[in-house]
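What follows is a single structure, and I will ask about it in a moment.
The values are calculated or read from the model by the stated rules, or taken from the named source; none is laboratory data. From a predicted model like this one, the values you see are computed outputs, not experimental measurements. All Cβ positions, even for glycine, are placed from backbone atoms using ideal geometry, and neighbour counts span all protein chains on display.
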């Protein structure tokens, strides 16, 4: 694929993932990681790393939008996140220690779990 | 919110939720909301909407820390991430605006099935 073609594909997919994330309340990462692995051809680790870099500005933009509408408590959220940052570094170190195939399997379990939960939600909403 | 809970125990719980979300985020390259939102609702006494807002804010430091840790290992693919982020920020705002109850059930069902298919692809694909 040409560089321009890939660029357009990435922007379009980012937009589609963003719309779905906004609509369904699931994060973009659950779509980004499989897309980057299966379509773009990144390794599992590259895909996860790149996904986090996409999530960061998206979460900032969404939090700013929520704060403008007075939803939520951003200082508490950031405090929770600062503790979470320690967990995140531990998670990354664990990911880096794991084989890509194992990590992909764990990710597949997450996908199946969220998939089943969404189907369950759909059946509960009448 | 659980009034019987002392504030120390309460903040301990919030910290534990952040830690769990962060670990999950770093390991799998997702935001961690899939772990934090249910925990904030079931264990933190938050309503769905506020739980989503707190989770979203917490994802900011969590994804930043995870990204830096992955970046140090040379796994982040910057140009791809930037292109995806541009689309994602625009898409997320559109998605939040499109959020309409009437379509939610079908959307969740279809997306749930889609995620199950992607889970299979992640295991057998490549």
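Here is a yes/no grid of residues against (1) at pLDDT below 90; (2) at the interface with chain A (Cβ under 7 Å from one of its Cβ atoms); (3) under 21 Å from residue A:90 (Cβ atoms); (4) part of a helix (DSSP H, G or I):
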site: B:61; (1), (2), (3), (4): no, yes, yes, yes
site: B:82; (1), (2), (3), (4): no, no, no, yes
site: B:91; (1), (2), (3), (4): yes, yes, no, yes
site: B:95; (1), (2), (3), (4): yes, yes, no, yes
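Tell me the residue from A:63, A:2 that is farther than 22 Å from residue B:27 by Cβ and either within 16 Å of the chain's Cα centre (by Cα) or crowded, with 20+ Cβ neighbours inside 10 Å (or both), please. Step through it out loud before you land on a result.
On the way: A:2 fails: either within 16 Å of the chain's Cα centre (by Cα) or crowded, with 20+ Cβ neighbours inside 10 Å (or both).
The conditions single out A:63.
Whether any residue in the stretch A:88-98 is over 15 Å from residue A:33 (Cα atoms), facing chain B (nearest Cβ under 7 Å), buried (at least 16 other Cβ atoms within 10 Å of the Cβ) and in contact (Cβ under 8 Å) with a residue 60 or more places away in the chain is what I want to check.
no
Among A:35, A:13, which is the only one that is more than 7 Å from every other protein chain (Cβ to nearest Cβ) and buried (at least 20 other Cβ atoms within 10 Å of the Cβ)?
A:35
Residue-by-condition table, conditions (1) in contact (Cβ under 8 Å) with a residue 40 or more places away in the chain; (2) on the phi > 0 side of the Ramachandran plot:
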residue: B:58; (1), (2): yes, no
residue: B:66; (1), (2): yes, no
residue: B:74; (1), (2): no, yes
residue: B:90; (1), (2): no, no
residue: B:97; (1), (2): no, no
residue: B:109; (1), (2): no, no
residue: B:113; (1), (2): no, no
residue: B:120; (1), (2): no, no
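Exactly one condition in (1) assigned to a helix (DSSP H, G or I); (2) touching a helix residue (DSSP H, G or I) at 6+ places or on another chain (Cβ under 6 Å); (3) within 27 Å of residue B:13 (Cα to Cα); (4) facing another protein chain (nearest Cβ under 7 Å) is not met by residue A:67; state its number.
Going through the list (1) assigned to a helix (DSSP H, G or I); (2) touching a helix residue (DSSP H, G or I) at 6+ places or on another chain (Cβ under 6 Å); (3) within 27 Å of residue B:13 (Cα to Cα); (4) facing another protein chain (nearest Cβ under 7 Å), residue A:67 breaks only (4).
Something else: For the stretch B:63-80, give me the residue count where each residue is facing chain A (nearest Cβ under 7 Å), part of a loop (DSSP other than H, G, I, E, B) and surrounded by fewer than 23 Cβ atoms within 10 Å (Cβ to Cβ).
3
Can you confirm whether the stretch A:72-79 contains a residue that is outside any helix (DSSP H, G or I) and either more than 7 Å from every other protein chain (Cβ to nearest Cβ) or surrounded by 20 or more Cβ atoms within 10 Å (Cβ to Cβ) (or both)?
At the first step, the residues of the stretch A:72-79 found to be outside any helix (DSSP H, G or I) are A:72-73.
From what's left, either more than 7 Å from every other protein chain (Cβ to nearest Cβ) or surrounded by 20 or more Cβ atoms within 10 Å (Cβ to Cβ) (or both): A:72.
Checking the stretch A:72-79: at least one residue is outside any helix (DSSP H, G or I) and either more than 7 Å from every other protein chain (Cβ to nearest Cβ) or surrounded by 20 or more Cβ atoms within 10 Å (Cβ to Cβ) (or both).
For the list (1) buried (at least 17 other Cβ atoms within 10 Å of the Cβ); (2) at pLDDT 95 or above, I need the number of the one condition that residue A:43 fails.
So the condition that residue A:43 fails would be (1).
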